[in-house]
Amino acid sequence: MGGKPHDVVLDTRFAYVTIVGFAGPDDYVVKYDKRTFAEVDRAPVGKDPHVSLTLRNHYLYVPAQGSNEVRVLDRRTLDVATVLGIPGAHGAGMTNQGKTFYTTNLPGGGTDGLWAIDTQTNTIIGAGVDTPANVPHNIALTPDGSKLYVTHSGMNDVVTIYTASKHDPTPVYAATVTVGSNPFGLAYVPWHAAAGGAGAFQAG
């Protein structure tokens, strides 16, 4: 059909891959058996989708930038559970505890650049949080969810940092770090304190 694999997330039995580049109003999530690599199911999910999940529930969280939404799917059937209207929804970050999902408003110029979703109720927490730089792109979180790191791509050269808590997962801006031109992907990698602590790593 002309689509290209874009993003992937795994649960205990299946892989869920977003496929982008189709004509029309939707791209797709395709569900694969991890053992056989056979396709099990597929669902339309809006344009330019990313994907995340938590093992705390049976949902997929699919931000679709081109459709200004996060579509929540039942992982078992890929049926739509709910659709949350979030402008320019792009990045996909899930806390290790799986209680909060974060996404970015990539084309919004930094206004309402970062959003939080309660995965127990599948509702938006408060309103969007402004980011001090435009093009908020991808998200990484510390294992306890107390810090978020956001890349700002395009003409930018920064990663912004936010704090959050289990009592109030709304991100609060904390700092900006200058990195390299067009920071894009991002990962948080913890390691033993004797090796020097832990950090967030970005790839341009």
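The values are calculated or read from the model by the stated rules, or taken from the named source; none is laboratory data. Note that the structure is predicted; figures quoted are calculated from it, not measured. A quick note on method: Cβ atoms are made from the backbone with ideal geometry, for glycine too, and the neighbour counts reach across all protein chains shown.
Only one of the numbered conditions (1) of a type in the set (A, V, I, L, M, F, W, C); (2) within 18 Å of the chain's Cα centre (by Cα); (3) farther than 29 Å from TYR59 by Cα is not met by ALA127, and that is (3).
Filtered by the rule that a residue be crowded, with 21+ Cβ neighbours inside 10 Å and under 22 Å from PRO190 (Cβ atoms), region 146-164 gives LEU148, TYR149, VAL150, THR151, VAL159, THR160, TYR162, ALA164. For GLY91, the criteria (1) in a loop (DSSP other than H, G, I, E, B); (2) surrounded by fewer than 17 Cβ atoms within 10 Å (Cβ to Cβ); (3) out of contact with any Asp or Glu (no Cβ under 7 Å at 6 or more places or on another chain) hold in every case but one, which is (2).
The rows are residues; the columns are (1) crowded, with 17+ Cβ neighbours inside 10 Å; (2) in a strand (DSSP E or B).
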| site | (1), (2) |
| --- | --- |
| GLY2 | no, no |
| ALA15 | no, yes |
| ARG42 | no, yes |
| LEU84 | yes, yes |
| TYR102 | yes, yes |
| TRP115 | yes, yes |
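Kindly indicate whether ARG13 is at negative phi, in contact (Cβ under 8 Å) with a residue 40 or more places away in the chain and among the basic types (Lys, Arg). Spelling it out, it is not the case that ARG13 is at negative phi, in contact (Cβ under 8 Å) with a residue 40 or more places away in the chain and among the basic types (Lys, Arg).
For region 60-76, the set of residues classified as assigned to a strand (DSSP E or B) and in contact (Cβ under 8 Å) with a residue 40 or more places away in the chain consists of LEU60, TYR61, VAL62, PRO63, VAL70, VAL72, LEU73, listed by residue number. Only a single item in (1) at pLDDT 95 or above; (2) in a loop (DSSP other than H, G, I, E, B); (3) within 20 Å of ASN57 (Cα to Cα) is not met by ASN96, and it is number (1).
Tell me yes or no: at least one residue of region 122-134 is at pLDDT below 95, in a strand (DSSP E or B) and buried (at least 16 other Cβ atoms within 10 Å of the Cβ). Steps first, please.
Within region 122-134, the first condition is being at pLDDT below 95, and the residues that meet it are 126-127.
Filter again for in a strand (DSSP E or B), leaving none.
Scanning region 122-134 turns up no residue that is at pLDDT below 95, in a strand (DSSP E or B) and buried (at least 16 other Cβ atoms within 10 Å of the Cβ).
Would you mind finding the one in ALA64, ALA81 that is under 20 Å from GLY185 (Cα atoms) and either touching a strand residue (DSSP E or B) at 6+ places or on another chain (Cβ under 7 Å) or among the basic types (Lys, Arg) (or both)? Break it down stepwise before answering.
Values: ALA81 fails: under 20 Å from GLY185 (Cα atoms).
The unique qualifying residue is ALA64.
Tell me, which residue of region 73-90 that is among the small types (Gly, Ala, Ser) and over 20 Å from LEU55 (Cα atoms) is nearest to the chain's Cα centre (by Cα)? Checked region 73-90; the qualifying residue nearest to the chain's Cα centre (by Cα) is ALA89.
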